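First the structure, in the form of structure tokens, and then the observations on it.
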Amino acid sequence: MVGTSQARHHVCWPVTYESLKPDEFMTKWLVLGPISVFEGQPEPGNPDAQKKSFDAAPFSLEHFQPKTVVVGNEYTWTVLRSESNLVDLVGVFGPKEYVAAYAWAQIDMPQEGRVVLGVGSDDAVKVWLNGELVHENWTQRAASPDSDVVPVTFKKGPNQLVLKIQNGHGDWGFACRLMSPQSLAKGLVAAAGRGKLDTVKQLLGYGADVNACVGPGLFPARPKPRHHGIPTDRRARP
Ligand SMILES: [Ca+2]
């Protein structure tokens, strides 16, 4: 389930973040939609047509234009400020089936840096950074934080981050944030607990540190410090 309370204002200027705070969800976006998946398609309901629409990137995703034409229809980007961490697109556009929306944010980075984004979506999602496709997941699922982990490299200065979120039925929304080392470690522990070895390998490859703080009740695998060959927990105390 996703949140329901959204505020939307009609303006024509990009949303800009001054850097990103680790683990803080991105709750302000420019959004565009709803775009019918079957617009221009001869066979509504065709699963292949859904995927074909998902695969399409029908306009520039690097240079923002306040008004954008998609499959012959003109759309205007509007500012969305979500009151919940999960952005509820049903709250923005109403209940819709077989539709897509785009979400756009500019992020000004003080320096170049490689980071990991945590992305959740209901349903399928694609992510572009500075016009380059950096992630896609053709899936049907509920939106949950950090379902997908996406390594990206931000350049110094303004960066253009764009998400496409395509819905089949029911709920429709997304969540996106920059993951901290602690969040990556939590994801690593959770994936290991569920036996998801591919995710474990992926997270380790993205720099997740099993020795990072992972919360109460979980103990990272640090070697015990030793003193003169005697474990510290057995040393005589004065
Ligand atoms: Ca859905």
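Quick check on this structure: which one of Lys155, Lys164 is charged (D, E, K, R), at pLDDT 95 or above and buried (at least 20 other Cβ atoms within 10 Å of the Cβ)?
Lys164
For segment 149-171, check the following and say yes or no: at least one residue is within 16 Å of the ligand (Cβ to nearest atom), closer than 13 Å to Phe54 by Cβ and among the polar types (S, T, N, Q).
Yes, segment 149-171 contains a residue that is within 16 Å of the ligand (Cβ to nearest atom), closer than 13 Å to Phe54 by Cβ and among the polar types (S, T, N, Q).
From the list Gly91, Gly118, pick out the single residue that is assigned to a strand (DSSP E or B), surrounded by 19 or more Cβ atoms within 10 Å (Cβ to Cβ) and either of a type outside the set (Val, Ile, Thr) or more than 16 Å from the ligand (Cβ to nearest atom) (or both).
Being assigned to a strand (DSSP E or B), surrounded by 19 or more Cβ atoms within 10 Å (Cβ to Cβ) and either of a type outside the set (Val, Ile, Thr) or more than 16 Å from the ligand (Cβ to nearest atom) (or both) holds for just one of Gly91, Gly118, which is Gly118.
Which residue, of Val92, Val115, Val69, is at pLDDT 95 or above and either assigned by TED's automatic domain parsing to the domain that holds Leu20 or within 16 Å of the chain's Cα centre (by Cα) (or both)?
Result: Val92 is the single residue among Val92, Val115, Val69 that is at pLDDT 95 or above and either assigned by TED's automatic domain parsing to the domain that holds Leu20 or within 16 Å of the chain's Cα centre (by Cα) (or both).
In segment 133-149, which residues are buried (at least 17 other Cβ atoms within 10 Å of the Cβ) and among the acidic types (Asp, Glu)?
Once the filter is applied, which keeps residues that are buried (at least 17 other Cβ atoms within 10 Å of the Cβ) and among the acidic types (Asp, Glu), segment 133-149 yields Asp146, Asp148.
The values are calculated or read from the model by the stated rules, or taken from the named source; none is laboratory data. All values derive from a computational prediction rather than experimental measurement. Ideal geometry is used to build each Cβ from the backbone, glycine not excepted, and the neighbour counts take in all protein chains shown.
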